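Written below as structure tokens is the structure these notes are about.
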Amino acid sequence: MPPPQKRVVAIGGGTGLSTLLRGLKRYVSHPTVSVDTHCDEDPCRISHLAAIVTVTDDGGSSGRLRDDLNILPPGDIRNCMTALSEDEHLLTRLFQFRFPDAAPGENASDLAGHSFGNLFLAAMSQVTGDFAQAVQASSQILAIRGNIYPATNANVTLSAQMDDGTLVHGETNITRSQRSIVELLLDPPDAPPLPETLEALAKADLITLGPGSLYTSLVTNLLVRGIPQAIANSSATRAYVCNLMTQANESLGLTASQHLERLFAHAGNERIFDYALVNTAPISPELLARYASEGQTPITPDLDAIRALGVIPIPGDYIHTGPGSDSVLRHDYDRVAATLLDLPERQGQTA
């Protein structure tokens, strides 16, 4: 008897969310194939997959389009769309194509540094008159396995109170700051979520948050009015996927339980997690040395402190090994996805 299918909602931003989606999509039926007949090599364990994506980026190609066309930043959403599409499709490669910067001594074109996918989403926003509709229409073109929703359709900006009492405005300025974030703020503070977002959370069997930058990829979603309450009120199994390493000005010195404390605080102290996936596997000395040059260290898996927060820790080896693993540290998305789908329903579970 195959396990029951689940409705899954994954929340986040940056490379963390798109990485997780690559692991989850193999359990979702191809859009044009019966759910009972094809899910790559794995059983069709997900009946519906939705991603809720932060929209506060104001740098790079996304920031330029945001300023020029007054649209939401498309970059994180584009990455999630390509993660959920069919990798062999030429269109997917086209969406990720980035126009090259000018060579030394040459004048840069207006397209330099722009991703084609960002430009496509910008054009679709002008055609449909609505960014969320542009995302859905583009998703159909890519035949992605799931739905992608911006956390809000409002044009929001970030501010951060730093540990020296200063207030820094704009995500790019926040990430460039040499100070540590104490509190993140959203402007406007009452930005509403899409109705589809709340509906997906209400119907979900599994809700995940992370991995990703603690504040600028994860907390940003929890500042959207109604989202933390929807997670707290959901009957779904709710899981946090902890990062592998601390990150400059976002989480230096924070343990796994302290990551959870920051998330709870920004969610209005709502209880939004039942489980936390925390890496306990060793990291190679070469990678440790490379990340140490930026002050980054492995996140301490303080499992007892996590339990004291009412969350069940799921320790394990979640580190990717294979091509490229000697230069960049990232999660093994297949292992993380399988672990998430194997979590028991939260009813009757105790920390």
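Throughout, read-outs are computed from the coordinates displayed, never taken from laboratory work. Predicted, not measured: the structure shown is a model, and the values here were computed from it. Positions of Cβ are backbone-derived with ideal geometry, glycine not excepted, and every protein chain shown enters the neighbour counts.
Descriptive notes on the structure:
- Around PRO193: net Lys/Arg minus Asp/Glu count, Cβ-Cβ under 12 Å: -2
- Mean residue ellipticity, 222 nm, helices only, the chain: the sum of -39500 (n - 2.57) across DSSP H runs of n ≥ 4, divided by residue count and rounded to 500, is -9500 deg cm²/dmol.
- Candidates SER234, SER47, SER109, ranked by Gaussian network fluctuation over the chain, Cα under 10 Å, top entry: SER109
- Once the C-beta distance of PHE99 and GLU261 is scaled by a Förster radius of 41 Å, the resulting FRET efficiency is 0.45 to the nearest 0.05.
- Here the dipole of the range 83-212 is about 180 debye; that uses its Cα centre as origin and unit charges on the Cβ of Lys and Arg (positive) and Asp and Glu (negative).
- Neighbour counts of C-beta atoms inside 10 Å place HIS169, HIS320 in the sequence HIS169, HIS320, starting with the fewest.
- Any cysteine of the chain lacking a neighbouring Cys Cβ under 4.7 Å - listed by number: CYS80, CYS242
- The relative contact order of the chain, computed from alpha carbon pairs under 8 Å that lie at least 6 residues apart in sequence, is 17 percent.
- Remark: spin-label model distance ASP302-GLU196 equals 4.1 nm, labels positioned 7 Å along the Cα→Cβ axis.
- Formal net charge of residues neighbouring ALA256 (Cβ-Cβ distance under 13 Å; K, R +1; D, E -1): -1
- Cα-based equivalent ellipsoid of the range 255-335: semi-axis lengths in Å, sorted from largest, via gyration tensor: 26, 14, 11
- Once both labels are positioned 7 Å from their Cα atoms along Cα-to-Cβ, the gap between SER159 and ASP342 label points is 4.7 nm.
- Taking ARG225, ARG145 and counting other C-beta atoms within 10 Å, the order from fewest to most: ARG225, ARG145
- Fully extending the segment from THR280 to LEU69 would add 71.5 nm, taking 0.36 nm per residue of separation and subtracting the current Cα-Cα distance.
- By the beta-carbon count within 10 Å of each Cβ, the least crowded to most crowded order of LEU158, LEU341, fewest first, is LEU341, LEU158.
- Cβ-Cβ FRET estimate between SER47 and ASP334, R0 fixed at 22 Å, reported to 0.05: 0.65
- Dipole of the chain computed with +1 at Lys/Arg Cβ and -1 at Asp/Glu Cβ about the Cα centre; of GLY117, MET162, LEU287, farthest Cα towards the positive end is GLY117.
- Within-14-Å neighbourhood charge of GLU294 [Cβ basis; K, R +1; D, E -1]: +1
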